[in-house]
Amino acid sequence: MLSVGLVGLPNAGKSTLFNLLTKRSVPAENFPFCTIDPHDGIVEVPDERVHTLAKLVNAQKEVYAAIEFRDIAGLVKNAHAGEGLGNKFLSHIKEVDLILLVVRTFKNDDIIHVENRVNPIEDEEILLLELSLADQNVLENILPRMEKDLKSNKDKLLGDKIQIVEQILLRLSGLGLASDFVLPDITDKEIVKWRKGLNLLTDKPILKLANINQDGENVDYKSDFELDILLEFSMADMTKEDRLELEMVAENGLDKMIKACYQKLGLGTYLTCGETESRAWTFKQGMVAPQAAGIIHTDFEKKFIKAEVIKYPDFIELESRKNAIEKGKMRMEGKDYAIQDGDVIEFKIGG
């Protein structure tokens, strides 16, 4: 299961957001380094399609896609050099697939800011700089060994790898990210695999969340999305109907954030439904039908015959698989079919 790491300065709202996401109780008190060890929680990805399909086919159970969130203790300046238990925190970030930067934009004298000011742009710069400096340390440590090994000529691709390390270091030293250096599409597969294996922090996809106060004073900050974490936390137990009565949107900000993380990871959802269950299955975008079948059971990929695919809107409009087939809305797809988000699928598997 792919994971998202909540990363920010102390008291940015990470642990409160994590509590909101997972309904688990982790420390979120108002002082730096309250959270030292990471906390993990599995969170369902909101998807009305699962519920709608379940009602149509009278499924006994609804099963949603899921994503893991990890609450990582706050970073501070010089975390890459061990400041504030930084080395331990940075090692936890290495284990996640996506970084969610949580940046505070609201002013509130009652909530301590580790830098004694509220400046989200500078906060982002501190966070990205610490991640960048940690990556520089990694590359500067391996580069001399690579150059020494070049003399032995055991790895024919080592010269190319050294050039890539130097190019990434050049970008990092210019306050850029490792992801700023993109390999050409024609790059040797072994190089691509090696690059991924470096597991650099700034090579990971990053989303920026602005923790705002809807009713208070906020500092301007360009983010991927905004969330009033305390407000969402106060309404965590409200139903959709209750929210609508308060003239709020049916889909809350938290749901949008979860979906944004899911999509940023390059994930999609295909659906299966029957009397037993209506279920969302997570797939990596670009997967073909046999691979997607293998998500249900590993044997299904080897024994795949075909996939009967109905687009979700067609299924809902025609109200059943039988009707969709009769109206010509069911397609038979083979091994080369690229799965699309929202496909309602029934796989045919051989013996």
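Each value in this text was obtained by applying a stated rule to the coordinates, not by laboratory testing. These numbers come from a predicted model, not from an experiment. Backbone-built Cβ (ideal geometry, glycine too); neighbour counts: all protein chains shown.
Below, the figures for the structure above:
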read-out	value
Violating pairs (Cα-Cα greater than 28 angstrom) within the set K264/K335; K94/K311; K94/K208; K61/K208; K256/K311; K256/K329	K94/K311; K61/K208; K256/K329
Stretch gain in nm, segment W194-I349, where the contour uses 0.36 nm per residue and the Cα spacing is subtracted	52.3 nm
At R0 = 51 Å, FRET efficiency that the Cβ-Cβ distance of D149 and E125 yields, to 0.05	0.90
Kirkwood hydrodynamic radius (C-alpha pairs) into Stokes-Einstein, the chain, 10 °C and 1.306 mPa s, D in µm²/s	70
Cross-link partners of K348 among aspartates and glutamates (Cα-Cα below 13 Å; sequence separation of 8 or more within a chain)	D299, E301, E308, E333
Spatial separation of Cα centroids for the range 192-241 and the range 102-177, in angstrom	21
Computed [θ] at 222 nm, helices only, for the chain once each DSSP H run of length n ≥ 4 contributes -39500 (n - 2.57)	-11000 deg cm²/dmol
Histogram of C-alpha separations across the range 177-287, 5 Å bin width, %	2, 8, 12, 14, 15, 15, 12, 9, 7, 4, 2, 0
